[in-house]
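Working notes for the structure below.
The values are calculated or read from the model by the stated rules, or taken from the named source; none is laboratory data. Owing to the predicted nature of the structure, the values given are computational and were not obtained by experimental measurement. Virtual Cβ from ideal backbone geometry, glycine too; neighbours counted across all protein chains shown. For accessibility, only protein heavy atoms count, side chains too; no ligands or nucleic acids. Shrake-Rupley method; radii C 1.70, N 1.55, O 1.52, S 1.80 Å.
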Amino acid sequence: MEIVILAVVIAVVVFVALGGLIVGSRRKKQPPPPPPAAPDITAPPAEPHVGDEAETPREEPRRTIEEVDLPDGSAPVAVEEPPAEAPEIEIPEPTAGRLVRLRARLSRSQNALGQGLLTLLSREHLDEDTWEEIEDTLLTADVGVQPTQELVERLRERVKVLGTRTPVELRTLLREELLTLVGRDMDRVVKTEPEDRKPGIVMVVGVNGTGKTTTTGKLARVLVADGQSVVLGAADTFRAAAADQLQTWGERVGAHTVRGPEAGDPASVAFDAVKEGKETGANVVLIDTAGRLHTKTGLMDELGKVKRVVEKHAPVDEVLLVLDATTGQNGLVQARVFAEVVDITGIVLTKLDGTAKGGIVVAVQRELGVPVKLVGLGEGADDLAPFEPEAFVDALIGE
């Protein structure tokens, strides 16, 4: 019995001791700090709170309808964008003496003809073999068979009469004969100023790849340099970007370009260009036609149509055929076909520098019976020059 009582007493003591430890540990722990109070947000005075705690709006001064500016019903004012900056107008190089200034460039590629002839003529004995070499030199330079025979025959006669052949005498002799062959008396003026009306009308025709559109743009510069106002007609509606190219050339010198839709009617564009030229009082209308292959009969007929439509306004004053001087005798085939469709009045020889052979000037004039009026001597904007026989022959035979 005593043992039981002792066990109960021990259990009670242990329980009381454990309870005291638990209460003491609880007292040592600090309670967590209270949460911060929510900030007092004041609503804007003009806008009351929304919900159960809405406040009465504060009174503010208000305008009456009579005090409010109402729109007057007029159309809104459009804000104009600044105009695009106009391209700077260039001042083309004067045309007088242009070929003379470009003689050095021309002579670098043409000396083979002139110097070759001078070398052969300077031989002590001019036998048949030498004269055959002279003929070969002329034929290689694309002078043509008939003109070559005529020149050789005249040289034979004059050398016999001359007797002695000093270098100066030979150079003078050859210069005179080449001038006769080229034709110093042909009318090479580009007719752009008819006496009875304005504007003068010039059509530019040629095969693809001869530089026709570029030549038209350069010709505009030549005319502007001579003090004439120009309207360009972009009648080459079949070649992509041809009208853009021509318009760029025109903008450089202040010439307006009349153009139509791509693949549109070329005759219509040409007609409108001449009409605008008459209305604006321009001196010259230049019409750039499509570069047609001379083997395409239908396209060549269309070229004739362009000319007929333009002549409803006025006669065409010039039809300039652009030929690539590097094509040689093949250019004569092109020239014949174009001459059958439209009346060619003048030739423009492009790419006469480089690998071109100067004899093509003689050959094409003899073939068509019309003069070379302009020559292209490079890629520069002002490298189109009026053809001057004396300067050309001097370039052929060198200084």
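Structure values in brief
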quantity	calculated
Matching entry among ALA234, ALA242 (being open to solvent by less than 10 Å² (accessible area, probe 1.4 Å), at pLDDT below 90 and under 27 Å from MET300 (Cβ atoms))	ALA242
Which numbered condition GLY358 misses (of (1) assigned to a helix (DSSP H, G or I); (2) more than 23 Å from LEU246 (Cβ to Cβ))	(1)
Residue match in the range 124-138 (condition: of a type outside the set (A, V, I, L, M) and at pLDDT below 85)	yes
Hits in the range 298-356 (condition: of a type in the set (Ser, Thr, Tyr) and crowded, with 18+ Cβ neighbours inside 10 Å)	THR326, THR327, THR345, THR350
Selection count where residues are more than 23 Å from GLY254 (Cβ to Cβ) and either surrounded by fewer than 22 Cβ atoms within 10 Å (Cβ to Cβ) or modelled with pLDDT under 90 (or both), scope the range 198-224	5
Flag if ARG165 is modelled with pLDDT of 90 or more and either over 13 Å from the mean Cα position of the chain (by Cα) or buried (at least 16 other Cβ atoms within 10 Å of the Cβ) (or both)	no
Subset of the range 358-399 (residues that are at pLDDT below 90 and basic (Lys, Arg))	ARG366
